[in-house]
Each structure stands twice: as structure tokens, then as C-alpha cells.
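A.B. asks: I have a structure I would like to understand better, so I am pasting it below and will then ask my questions one at a time.
The values are calculated or read from the model by the stated rules, or taken from the named source; none is laboratory data. Just so it is clear, the model here is predicted, and its values are computed rather than measured. Backbone-built Cβ (ideal geometry, glycine too); neighbour counts: all protein chains shown. With ligands, DNA and RNA removed, areas are computed over all heavy atoms of the protein, side chains included. Shrake-Rupley method; radii C 1.70, N 1.55, O 1.52, S 1.80 Å.
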Amino acid sequence: MRVDPQDRPAIPDYELLRLVGRGSYGEVWLARSVTGVFRVIKVVRRSWFPSPRPYERELEGISRYQAAASGRPRQLALLHVGRNDEEGYFYYVMEPADDVEAGSAIDPDRYVPLTLKEMIARRGRLPAAEAVQIALELARGLAVLHGENLIHRDIKPSNVIFVQRVPKLADVGLVASSESTMTCVGTPGYVPPEGPGDVAGDVYSFGKLLYELATGLDRNRFPVIPKEVVRSPDAPIIRELNTVVLRACDPNPRERHASAE
């Protein structure tokens with residue numbers, strides 16, 4: 001994504017190289033530090049919010065996440081948080097995702113972050129054993145958030161990145177206290193019937209992610225299981241995983257798993 005140099009925010013000690021993502025809540029840049037290390041920086045602008053409070057809530061969510069995730073190997077490393085009130089934005093510096101082709105050997109001109117969505121698009125349905133291992137790592141990471149009374153609010157394959165081949169939940173700006181009243185976020189198809197915003201909502205979204213991981217189908221096909229999966233050597237593992245998915249995605253939040261743990 002090409003951006004006018006004048007539109008690039010000024011981040012102390014970093015050169016913003018390329019815009020690699022953009023959404024409702026921020027811009028994601030590949031950056032290089034003064035020591036030559038590649039990082040990813042998310043910039044959140046005050047002008048994108050209808051009032052100051054939602055903007056401040058996003059910053060509060062980042063602060064809570066940083067306190068809960070510091071030093072945890074399954075959490076996305078949040079290296080620095082800063083704000084520029086004169087220009088009307090805050091930002092946070094993170095470890096970068098692996099490149100889809102080159103892994104940790106990042107070429108800034110060709111860099112494409114390796115997300116779970118990208119992996120499924122390129123490889124299709126993953127072998128069951130690999131799917132279960134990814135699921136376990138993500139569940140353990142999400143359990144840390146739930147144990148700290150935090151929720152993610154937008155779990156989906158595009159918000160899972162691989163760092164040194166370890167899957168981690170990204171878009172941490174959406175993390176918030178489960179006791180807070182937050183702006184409505186989430187992605188259709190992953191949002192539970194009652195709406196997002198609590199642990200049960202995270203469990204539902206995670207169930208839909210597992211469904212896509214195990215079947216290779218879009219989440220809107222749930223609960224369909226392809227015939228080729230039923231007949232595959234992976235079928236016994238998929239059946240077991242499917243029982244987890246069905247409970248996680250129960251329409252009644254009281255019937256779901258109590259947490260990612």
C-alpha cells in the first residue's frame with residue numbers, strides 16, 4: 001500500500017517503510033528502528049472516532065494488554081506505546097509477523113505478513129494434527145487474557161499471526177476489560193448471536209476459527225463438515241475437535257466453555 005510521505009506519522013526512532021494493513025481502528029506499518037531491526041507499528045487516529053471516549057478506551061485497552069502480556073511467550077510482544085496529542089494519534093510498536101515466503105528474513109519491498117487466513121488460503125485445510133497444535137497454542141494464549149479479566153473481541157483467522165512460527169492473537173488494540181462497556185466491534189460470522197463483548201463471545205469466535213481451521217470452509221458454512229474430511233484419515237481427530245467447536249458455538253452462551261482455559 002502506497003501512502004503520500006506527508007501522510008506518514010512521525011514515530012520517534014523509527015522509519016515507516018510500508019503500510020501493510022488498514023482497518024476501522026488503525027493503520028499498520030512495517031518500520032525499521034535506528035538499529036535496523038524491523039518492527040510493526042499500529043497508528044490509531046483520534047479523527048477516526050466520533051468522540052474522545054472510544055479513542056481513549058482503545059488506548060486503555062492497549063495499556064491493560066501490555067500489563068497482562070508482558071513477558072508471556074504466547075502473547076504478541078508489545079514493545080512500546082506512545083502518543084502524539086498535537087497530531088491526534090497514539091501508536092504501539094510490536095514484533096512483526098513472519099513473512100509468508102521468507103519467514104523471519106523480512107524483505108521490506110516484498111513483505112506479506114503470515115496470518116492464519118493467509119495460511120489457509122494458500123494451503124487449504126491443514127492436517128488435523130497441525131490444526132490441533134495451532135488451536136492449543138491459541139487457546140493457551142487466549143486463556144491468559146481471560147485469566148486477567150480481558151477479552152479480545154475480534155478473534156478470526158486474519159487476526160492470528162505467526163511469529164517465529166508461533167501462532168499469536170493480533171489486533172491487540174481491541175482487547176478490553178470484561179467489565180467495561182465497549183464500542184461494538186467484531187466481524188460478521190464470528191460474532192455470537194448475543195453480540196461481542198464478554199468471555200462467552202470470545203469462546204464463540206474462537207470456535208468459528210477452529211471450524212475454519214479444521215475444515216477449510218468459510219465460517220458461514222458452519223456446521224457443515226465436508227465429505228472428504230469425514231472420509232479422510234484425519235476423521236477421528238476432526239470428530240473430536242468438532243465436539244469442541246459445537247460446544248464453543250452453541251447459540252446459548254451458558255452452554256459454551258466457560259473460558260479459553
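A.B. asks: Taking residue 86, is it open to solvent by 60 Å² or more (accessible area, probe 1.4 Å), among the acidic types (Asp, Glu) and either within 29 Å of residue 166 (Cα to Cα) or modelled with pLDDT under 85 (or both)? Steps first, please.
C.D. replies: On the way: open to solvent by 60 Å² or more (accessible area, probe 1.4 Å): yes; among the acidic types (Asp, Glu): yes; either within 29 Å of residue 166 (Cα to Cα) or modelled with pLDDT under 85 (or both): no.
Answer is no for this residue.
A.B. asks: From 117, 42, which residue is open to solvent by less than 30 Å² (accessible area, probe 1.4 Å) and charged (D, E, K, R)?
C.D. replies: 42
A.B. asks: If only one of 138, 145, 150 is over 19 Å from residue 28 (Cβ atoms) and touching a His at 6+ places or on another chain (Cβ under 9 Å), which one is it?
C.D. replies: Details: 138 fails: touching a His at 6+ places or on another chain (Cβ under 9 Å); 150 fails: touching a His at 6+ places or on another chain (Cβ under 9 Å).
It is 145.
A.B. asks: Right, next: What are the residues in the range 16-36 that are loosely packed, with under 13 Cβ neighbours inside 10 Å and either of a type in the set (Val, Ile, Thr) or modelled with pLDDT of 95 or more (or both), if any? Full working, then the answer.
C.D. replies: Within the range 16-36, the first condition is being loosely packed, with under 13 Cβ neighbours inside 10 Å, and the residues that meet it are 24, 34-36.
34, 35, 36, listed by residue number.
A.B. asks: Looking at residue 47 and the list (1) in a loop (DSSP other than H, G, I, E, B); (2) at pLDDT below 95; (3) within 22 Å of residue 19 (Cα to Cα); (4) of a type in the set (Gly, Ala, Ser), which single condition is not satisfied?
C.D. replies: Unmet for residue 47, out of (1) in a loop (DSSP other than H, G, I, E, B); (2) at pLDDT below 95; (3) within 22 Å of residue 19 (Cα to Cα); (4) of a type in the set (Gly, Ala, Ser): (1).
A.B. asks: Let me ask something else. Take the residues in the range 140-156 that are more than 10 Å from the chain's Cα centre (by Cα) and open to solvent by less than 20 Å² (accessible area, probe 1.4 Å); name whichever of them is nearest to residue 209 (Cα to Cα). Explain how you work it out, then say what you get.
C.D. replies: Our first condition is that a residue be more than 10 Å from the chain's Cα centre (by Cα); within the range 140-156, this holds for 140-151.
Within this subset, residues satisfying the condition of being open to solvent by less than 20 Å² (accessible area, probe 1.4 Å) are 141-143, 145, 150-151.
On the way: 141: 14, 142: 13, 143: 16, 145: 17, 150: 19, 151: 16 Å.
Selected residue: 142.
A.B. asks: Identify, by number, the condition in (1) touching a Phe, Trp or Tyr at 6+ places or on another chain (Cβ under 7 Å); (2) part of a loop (DSSP other than H, G, I, E, B) that residue 35 doesn't meet.
C.D. replies: Evaluating residue 35 over (1) touching a Phe, Trp or Tyr at 6+ places or on another chain (Cβ under 7 Å); (2) part of a loop (DSSP other than H, G, I, E, B) leaves (1) as the failure.
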